[in-house]
Every structure is written in structure tokens, then in C-alpha cells.
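The values are calculated or read from the model by the stated rules, or taken from the named source; none is laboratory data. Given the structure is predicted, the values throughout are model-derived calculations rather than measurements. Using ideal geometry, Cβ is built from the backbone for each residue, glycine included, and neighbour counts are taken over all protein chains shown. Side chains included, ligands, DNA and RNA excluded: accessible areas come from the protein's heavy atoms. Shrake-Rupley method; radii C 1.70, N 1.55, O 1.52, S 1.80 Å.
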Amino acid sequence: MSQELSQRCQEYVSQLFAREDAILSYVRQQTAERGLPQISLAPNEGKLLGLLVRLSGAARVVEVGTLAGYSGICIARALPDHGKLITIELSSLHAEVARSHFEYAGLADKVTVMQGAGVQVLPKLTKDAPYDLMFIDADKGNYHNYLAWAADNLKVGGAVVADNAFWGGNIFDPKSEDDHAMVAFNRALADHAGFDSTIIEVGDGIAVGVKTV
Ligand code: DHB
Ligand code: MG
């Protein structure tokens, strides 16, 4: 498919299936207004993430990289009634903004925001493993560590999902440390004997791996 047609198809899907509702629009707007990085998922990526949660039947989800809570809202909305999301955020400001957004979205009872670095907080969650799904959207240099945690702490049949698999195309001509980290992450996931994986070509690339052993 030509690049032009591919873009037209993505826009078609987005407009038909992934129209942002008032709550997600508010969160995106607040993210900008409060000076947080404007790197939340695109609406069609958020839609896909929610569908993956729903399709997998995940009830216990861990996210690394909360930011303002946009992806967390997409996840939490797709959970069953008893479902819970634990989301980890390094920045105390982002964590506070995200908590207010989960409150605003009526999801506060389903979501726990833990403030701290992913590699520091994740070991505290292992006692309650296994989890059903992990979403990675944080510091690129630690994606390999997050994948290792997923391999150890997801149930068989559980899924690891990661944003930025294409890293804006930089995986094809890696220069920075983050570029190389994403190349290494994609290869590690592809080669991992414990995951059946691919990259879904939506947005910046959503890597998905189902734990097989
Ligand atoms: C960046 C990080 C992200 O997770 C993203 O989706 C886009 C950009 C960044 O750090 O630049
Ligand atoms: Mg991202």
C-alpha cells in the first residue's frame, strides 16, 4: 500500500472507531496546559490498547509510564468490574496530575498510581504476581528491564504491550542511546523464546507479545 493510502486508511479508522470522548479530550488538553510532555497515545493507539485489554480479558494490569493518565484511562475503561490497574510514574507532578484525571474519569477506584522509577517500583509488585498484562511506555533505556519483568511476572497467556516500537522511524537509522535501546528491545522481544510477538503498525508501533511458557 502507498504511504498516502496507508495514511488515509489510518485516518478513516481513527474517525470511525477512535473518536476521542470529552474526558480523553480534556486529559489531552490538560496535558498541554499544565506543561507536561505532549506524548500521550494518539486516539487510535489508545483505542487499540483498550481493545487488547478487553480481548485478553485482563483484570490485573501493570503500566510503566503514567504521564497524565491518558493510556491508563484507556486501560481502566476496558477492565472488568473487579479489574485493577497499577500504574508507575517517575515524576511526582505527572503522578499528581494523573490521579486527578483518574478521579475526573470516575476510575479512581480501579487505578493506583505509584510514584517512582519503574525499576525501583516493579520489584515491589512481584509478591502479587502473576499479572495479566503489562503496558510499557516509559524510559526507553529500561524497556529491556521491563520486558524481563514481564517474562517473570505475567501469567502464561498474559500479554506485554509496548509503545513506540517504531520510535518515529529512528529504529532504521539508530543514533541516540534511546534509538539503540528500541532496536534492542524489538529484537529481544522478537527473539524471546517465552513470547509470541509482533509489532502492530498503528501510530508509532505497538509491540505485543503473548507469554507462551
Ligand atoms: C517520547 C516518548 C514516548 O513514550 C512517546 O510516545 C513519544 C516520544 C520521547 O521521550 O520523546
Ligand atoms: Mg510512548
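Brief remarks on what is shown
- Each other residue within a Cβ distance under 9 Å of ASP178 adds +1 if Lys or Arg and -1 if Asp or Glu, for a net charge of -2.
- Sorting ILE88, ILE199 by accessible area puts them as ILE199, ILE88; the probe is 1.4 Å, largest comes first, and only protein heavy atoms count.
- Computed lengthening from GLU103 to ALA59, 0.36 nm per intervening residue step minus Cα-Cα distance: 13.9 nm
- Accessible area per residue in Å² at 1.4 Å probe, computed on the chain: 50
- For LYS84, the amide hydrogen comes within under 5 Å of the amide hydrogens of ARG60, VAL61, counting only partners 5 or more places away or on other chains and with H modelled in the peptide plane.
- What the Cα atoms of the range 55-137 give is an Rg and a Dmax of 11.6, 32 Å.
- Comparing Cα centroids, the range 1-65 and the range 149-200 end up 19 angstrom apart.
- Peptide packing for 43-49, 60-66 was compared via the average number of neighbouring C-beta atoms within 10 Å per residue; ordered from the highest value, the list is 60-66, 43-49.
- Gained length - GLN38 relative to ALA190, 0.36 nm times residue gap less alpha-carbon distance: 51.8 nm
- Subtracting the Cα-Cα distance of THR212 and SER25 from their residue separation scaled by 0.36 nm leaves 63.6 nm.
- Based on Cα contacts under 8 Å between residues 6+ apart, the chain shows a relative contact order of 16 percent.
- Taking amide H as placed 1.01 Å from N in the peptide plane, TYR131 has its amide H under 5 Å from the amide H of LEU154, LYS155, each at least 5 places away in sequence or on another chain.
- Adding -39500 (n - 2.57) for every DSSP H run of four residues or longer, then dividing by how many residues the chain holds, sets the calculated 222 nm ellipticity at -14000 deg cm²/dmol.
- As a fraction of the 1.4 Å probe accessible area of the range 78-213, surface on carbon and sulfur atoms comes out at 54 percent.
- In this structure, the amide hydrogen of ASP204, modeled 1.01 Å from its nitrogen in the peptide plane, lies closer than 5 angstrom to those of ASN164, counting only residues at least 5 positions away or on a different chain.
- Of all aspartates and glutamates in the structure, those lying under 17 Å Cα to Cα from LYS47, and not within fewer than 8 positions of it along the same chain, are GLU11, GLU20, ASP21, GLU63, ASP137, ASP163, GLU201, ASP204.
- With K and R counted +1 and D and E -1, the other residues having a Cβ less than 14 Å from that of VAL97 yield a net charge of -1.
- The rule of thumb for compact globular proteins, 2.2 N^0.38 Å, goes into the C-alpha radius of gyration of the range 1-134 1.09 times.
- Calculated FRET value between ASP178 and GLN120, using beta carbons and R₀ = 22 Å, to 0.05: 0.65
- In terms of overall dimensions, the range 130-169 has a Cα radius of gyration and Dmax of 10.6, 34 angstrom.
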